[in-house]
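Below: the structure, in structure tokens.
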Number of protein chains: 2
Amino acid sequence: MTFTRALPLADISPGAPAGTDQADAVACSSSMARAAIAPEHADALARSIKALADPARLRILSIVSAHADQEACVCDLTDQLTLSQPTISHHLKVLVEAGFLLRAKRGTWSYYSLVPGSLDSVAGVLVAI
Amino acid sequence: MTFTRALPLADISPGAPAGTDQADAVACSSSMARAAIAPEHADALARSIKALADPARLRILSIVSAHADQEACVCDLTDQLTLSQPTISHHLKVLVEAGFLLRAKRGTWSYYSLVPGSLDSVAGVLVAI
DNA sequence: TCCTTAGATTGACATTGGTCGATGCAGTGT
DNA sequence: ACACTGCATCGACCAATGTCAATCTAAGGA
């Protein structure tokens, strides 16, 4: 899993009118009111969404977000998730690489916090589909 | 892949204050401003999001949504996606079972349309995390 | 009736992804 | 220096997923 920093996700829903439906060629195709999402954008968006498509990772985001100081260390997560520490570390890495979490190492502990607006960005693209 | 009708997704972000942080037990745990998402809700949400976490399926949703009449038949999709017809049929099935698409068979053709509000529902839960 | 077409289903395959045990590696305390 | 602790990385394993060729079904048209 690479998750090469899929965000930012702006400019995905083009709204550019397809205008010339050249040929309206073959058989069944009816007219398009607007252009569909571009393949590269679909790839980028799917990479972001894939990082969210796991119950453990959703719980991690929620636990981090629910913390009073918007920060949680790994031990907070191992307490609440019934998963091994390496597995949790793996999920954290996925979320960091996808741009949803920030990692701050202080002393022995690693603290994770939400990247502001990252979830809203994905949500915004979804409603625009 | 089963996707047992994950929606509706209401009531996921509880907002119920955790109140009594009993014992604030072990080591590093700082206080929670609110309760995190419940494990079952995380599972249901992850099932929905998984259905969206594929570039082909995102393009399908976008193509359907971009159609003037909000409907597309399979041939519209095979024209625009560089995937075999069985693969597209598979993705359509996933989206229908996840509650994002409706299938209407008329004569030889199958027409697919968006389930109104289904994407907004997922987006709403995301911003509430 | 037979042929053709639209689309769903099946089966097989390769790839990806989630999980854990074992290990490595910094910080911290003694 | 030594042991310990918190967390990341590695390697392996198995389950889930995306893909296609082949096949099946149903609807139309000759």
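The values are calculated or read from the model by the stated rules, or taken from the named source; none is laboratory data. The structure displayed is predicted, hence computed values, not measured ones. Cβ coordinates were reconstructed from backbone atoms using ideal geometry, including for glycine residues, and neighbour counts include every protein chain displayed. Only protein heavy atoms, including side chains, enter the accessible area calculation; ligands, DNA and RNA are left aside. Shrake-Rupley method; radii C 1.70, N 1.55, O 1.52, S 1.80 Å.
A few notes on this one:
- Selected residue (criterion: farthest from DNA strand C (Cβ to nearest atom)) from residues of segment B:71-89 that are under 15 Å from residue B:106 (Cβ atoms) and under 22 Å from the mean Cα position of the chain (by Cα): B:71
- For segment A:101-125, a residue qualifies if it is closer than 29 Å to residue B:116 by Cα, of a type outside the set (Gly, Ala, Ser) and buried (at least 20 other Cβ atoms within 10 Å of the Cβ), and the qualifying residues are A:119, A:122, A:125.
- Only one of the listed residues (B:128, B:68, B:98, B:33) is buried (at least 20 other Cβ atoms within 10 Å of the Cβ) and small (Gly, Ala, Ser). That residue is B:98.
- Checking A:119, A:92 one by one, the residue that is within 12 Å of chain B (Cβ to nearest Cβ), under 20 Å from the mean Cα position of the chain (by Cα) and assigned to a helix (DSSP H, G or I) is A:119 and no other.
- Only one entry in B:56, B:23, B:44, B:38 is open to solvent by less than 40 Å² (accessible area, probe 1.4 Å), modelled with pLDDT under 95 and more than 13 Å from DNA strand C (Cβ to nearest atom), namely B:38.
- Among the residues of segment B:71-87, those identified as crowded, with 20+ Cβ neighbours inside 10 Å and part of a helix (DSSP H, G or I) are B:76, B:77.
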